[in-house]
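No value in this document is a laboratory result; all are computed from the given coordinates. The model shown is predicted, which means the values in this text are computed figures rather than measured ones. Methodologically, a virtual Cβ is constructed for each residue, glycine included, from the backbone with ideal geometry; neighbour enumeration extends over all protein chains shown.
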Amino acid sequence: MHIGFFGGSFDPPHRGHLAVALAAAEAFRLDHVLLAPTAQQPLKPSGAVAPFKDRLAMVELLCQGEARFEASALDAPLTHGAPNYTIDTLIRLRAKLSGDATVFVIVGADAFLDLRRWRSSDGLLEVAEWIVVSRPGFSFTDLDALKLSPEQLARVHLLPGVAEPVSATEIRIRLSEGHDCREIVPAPVLEYIRRCHLYGT
């Protein structure tokens, strides 16, 4: 079984996230994809704007109608506000799965190029395969800076041709200014945002 793990802020989740998850599921024949909001990203000390429970609820709405997709609380808040380290999350995930399951982490190229700043970067490449969503102009030669071994490089797979048309930061700004955003934020997510008065709505 092939399991996708797609972590991130999802602040808010939008159609770009959905496009990435769908493209990864199709290209790598993923049986199941977990979309997991991160409570506290170690490299983003300022934290997310919306509370974790709201971001998880919005991801649940984003996954509606996609049988392979599931909102996951694997990266829920830890005691004393400790950061969520991906290596710990993946080890917990592996413990829940059968021995023949393969985990594919879905990540943007910009974030993956920061891999050496992540906790246990070599361990991350041992516990999972990696689907790197490429950006325009990105190629495998950009990975040279990570100094990956041939064995590690074999666990890294490029997913080209998927572009997020707008960032979550831009969406939050547009929402606070009263723009509709329905073209990029699915209607159920948008209704939740407005009902809970998130992002200045």
Within the range 69-81, the residues that are out of contact with any Lys or Arg (no Cβ under 7 Å at 6 or more places or on another chain), in a loop (DSSP other than H, G, I, E, B), more than 19 Å from His14 (Cβ to Cβ) and not small (Gly, Ala, Ser) are Pro77, Leu78
Out of Glu151, Glu183, Glu177, which single residue is surrounded by fewer than 13 Cβ atoms within 10 Å (Cβ to Cβ), of a type outside the set (A, V, I, L, M) and closer than 22 Å to Gln64 by Cα?
Glu183
Whether any residue in the range 120-131 is buried (at least 19 other Cβ atoms within 10 Å of the Cβ), of a type outside the set (Asp, Glu) and in a loop (DSSP other than H, G, I, E, B) is what I want to check.
yes
Apart from one, (1) under 16 Å from the mean Cα position of the chain (by Cα); (2) part of a loop (DSSP other than H, G, I, E, B); (3) surrounded by 14 or more Cβ atoms within 10 Å (Cβ to Cβ); (4) not hydroxyl-bearing (Ser, Thr, Tyr) all hold for Glu66; the odd one out is (1)
Counted residues in the range 105-119 being small (Gly, Ala, Ser) and either over 14 Å from the mean Cα position of the chain (by Cα) or in a helix (DSSP H, G or I) (or both) come to 2
Applying the selection to the range 1-58, what residues are in a strand (DSSP E or B) and out of contact with any Gly (no Cβ under 9 Å at 6 or more places or on another chain)?
His2, Ile3, Gly4, Phe5, Phe6, Gly7
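Looking at the range 14-48 only, could you name the residues that are of a type in the set (S, T, N, Q) and closer than 19 Å to Val185 by Cα?
Within the range 14-48, none qualify.
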